[in-house]
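To keep things clear, I will list the structure first and then write my remarks on it.
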Amino acid sequence: MPLTVRQVEAAKPSERPYKLTDGQGLYLFVAPTGSKSWRANYVAGGKQKTRTYGLFPAIGLGEARKLHAAARDVEPGVDARKPTFEALAREWLSTKLPSLSNPKHKIQVENTLQVYAYPWIGDAPVDTIKRARLVEVVKAVQAGLDVDGKPLGKGDKIETAHRVAGRITAVFDYAQDVGVLEGHPASHLSRVLIPRRTKKPMPSIPKGEAGELLRAIAGYPEPVTRMGLLLMAHTFVRVNEILGFKNDELREGGAVWVVPAERVKGEGANKLPHVVPLSAPARALVRQLQAMSGCDLVLESPAVPGRPLSENTLLFALYRLGYRGRMTVHGFRALASTVLNEESPFKEDVIERQLAHKETDAVRAAYNRAEFLPQRRELMSWWSAWLERAAAGQPHASEEASRSTPPGEASPA
């Protein structure tokens, strides 16, 4: 029986690819990714080959039948029309964009192709696009020129060119994955570009200056900003995590703070909530901030009620304390990482999980999150104790060890 439009629309992905036959050799190929492509098998030179007409819904059932009928009238072995780069890119976007949680990033991904790729290769069938043309496209972006040789907008041209190369490659990877192409010319496209500029790390003070900084913060006159900076020091989370901190994110009577996945850095469905055990000093700061807040935010802006404290408020406070160019809000993460790795008794895996650095394996990440929670409670208490000793001007274990070792002699093993 021939297919109906309703059957085509209702076809759902499965763990394995499958076919829905229409007639005269035409069939709908449904990939595990959810993409649907029109195909037909034929024999040329004694070998079976596959002809791909395009993707549904860009090519509907009626058009697929017309393309198949036309292909059967031409010499066997001559492929029917392939979809254009833009058509495939929009199919790729339809699967990629829902996995991105940041609305701004979604717009950036789509605009990258719209502005920098479609004017060059958007109308070209994907099987006609050569490597040399793709190199020409990304090198033009790197040079800051559009398809007509006119200057593009301002911005980091090298970074933009790398993003364009990456997204063009992703579209061609998609074309190969859904069977439109057997291979493609866009692999490792970014290697023809000038390497990305290495980003400078956020300024952070040496660990030996931590006590002086904490004493300066303790004297800051505005209480919400003062305690916000101290809570940042004790938790060393990312800035957007602490600014959105809400009361209902607390667990275990306030002993654990669970940052929702949507506020955690990263992309896609594999992001995990960031579990932050709160030490006794951190819990005390949270209680004081809650008492001053008139809403569900822990860090409510004293200037704009009902709104979170801004990152600039915290940053400018550090400036006023004399730390411009020497310390940022994000710098507390670098300070904690340095001290924990150099002085604490905790393993690297425990430290990395508490820093919420990206774990490439989602299963391993989820496992580690649960496995290391008891150790991370101890780690956060150890870290707060380190900060309190620093603020009090007391020596740490490593300093005491170095002082007790006579000059010229090694420390006992």
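Taking 7 Å steps out from each Cα toward its Cβ at Ala70 and Ile107 produces label points 3.9 nm apart.
For the range 311-322, backbone phi angles converted through the Karplus equation (6.51, -1.76, 1.60; θ = phi - 60°) give residue-by-residue couplings of 4, 4, 4, 5, 5, 5, 5, 4, 4, 5, 7, x Hz, Gly and Pro being listed as x. If you sort Tyr18, Tyr118 by accessible surface, 1.4 Å probe, largest first, the order is Tyr18, Tyr118.
Looking at the range 176-262, the GluC sites (Glu not before Pro) that sit in a DSSP loop and have at most 11 other Cβ atoms within 10 Å of their own Cβ are Glu182. Among the lysines of the range 163-306, pairs at least eight places apart or on separate chains and with Cα atoms under 28 Å apart come to 8. Taking 0.36 nm per residue of separation and subtracting the current Cα-Cα distance, fully stretching the chain between Glu262 and Lys19 would add 83.8 nm. Shown here are the Rg and Dmax of the Cα trace of the range 168-229, at 25.0, 66 Å.
Note on Glu388 and Leu373: the extension gain reaches 3.1 nm, defined as 0.36 nm multiplied by sequence separation minus the Cα-Cα distance.
Length available on full extension from Arg251 to Val115: 0.36 nm per residue minus the Cα-Cα distance, which gives 44.4 nm.
In this structure, the amide hydrogen of Phe56, modeled 1.01 Å from its nitrogen in the peptide plane, lies closer than 5 angstrom to those of Lys36, Ser37, Trp38, counting only residues at least 5 positions away or on a different chain.
In terms of the Cα gyration tensor, with a ≥ b ≥ c the square roots of its eigenvalues, is the range 107-146 rounded because a/c is under 1.5, prolate because a/b exceeds b/c, or oblate? Walk me through the numbers before you get to the answer.
Working: a/c = 2.35, a/b = 1.20, b/c = 1.96.
Judged from the Cα gyration tensor, the range 107-146 comes out oblate (a/c at least 1.5, b/c at or above a/b).
Amide H to amide H, with H built 1.01 Å from N, Leu278 comes under 5 Å of Val256, Trp257, counting only residues 5 or more places away or on other chains. Surface calculation, 1.4 Å probe, protein heavy atoms: His234 sits at approximately 20 Å² accessible. Shown are Met1, Met327, whose ranking by accessible area with a 1.4 Å probe and every protein chain present, most to least, is Met1, Met327.
Classify the range 146-257 as rounded, prolate or oblate, taking a ≥ b ≥ c as the square roots of the eigenvalues of its Cα gyration tensor: rounded when a/c is under 1.5, otherwise prolate if a/b is larger than b/c and oblate if not. Prolate is the answer for the range 146-257, as a/c is 1.5 or above and a/b outweighs b/c. About its Cα centre, the range 207-283 has a charge dipole of approximately 80 debye under the convention of +1 per Lys or Arg Cβ and -1 per Asp or Glu Cβ, with nothing else charged.
Couplings 3J(HN,Hα) for the range 241-246, derived from phi with the Karplus relation 6.51 cos²θ - 1.76 cosθ + 1.60 (θ = phi - 60°), are 5, 6, 5, x, 3, 10 Hz, where x marks Gly and Pro. Rounded to the nearest whole Hz, the Karplus-based 3J(HN,Hα) values (6.51 cos²θ - 1.76 cosθ + 1.60, θ = phi - 60°) of the range 168-177 follow the sequence 5, 4, 5, 5, 5, 4, 4, 4, 6, 5, with x at glycine and proline.
The values are calculated or read from the model by the stated rules, or taken from the named source; none is laboratory data. These figures come from a predicted structure and were not determined experimentally. Note: ideal-geometry Cβ built from the backbone for every residue, glycine included; neighbour counts use all protein chains shown. Accessible surface areas use protein heavy atoms only, side chains included; no ligands, DNA or RNA. Shrake-Rupley method; radii C 1.70, N 1.55, O 1.52, S 1.80 Å.
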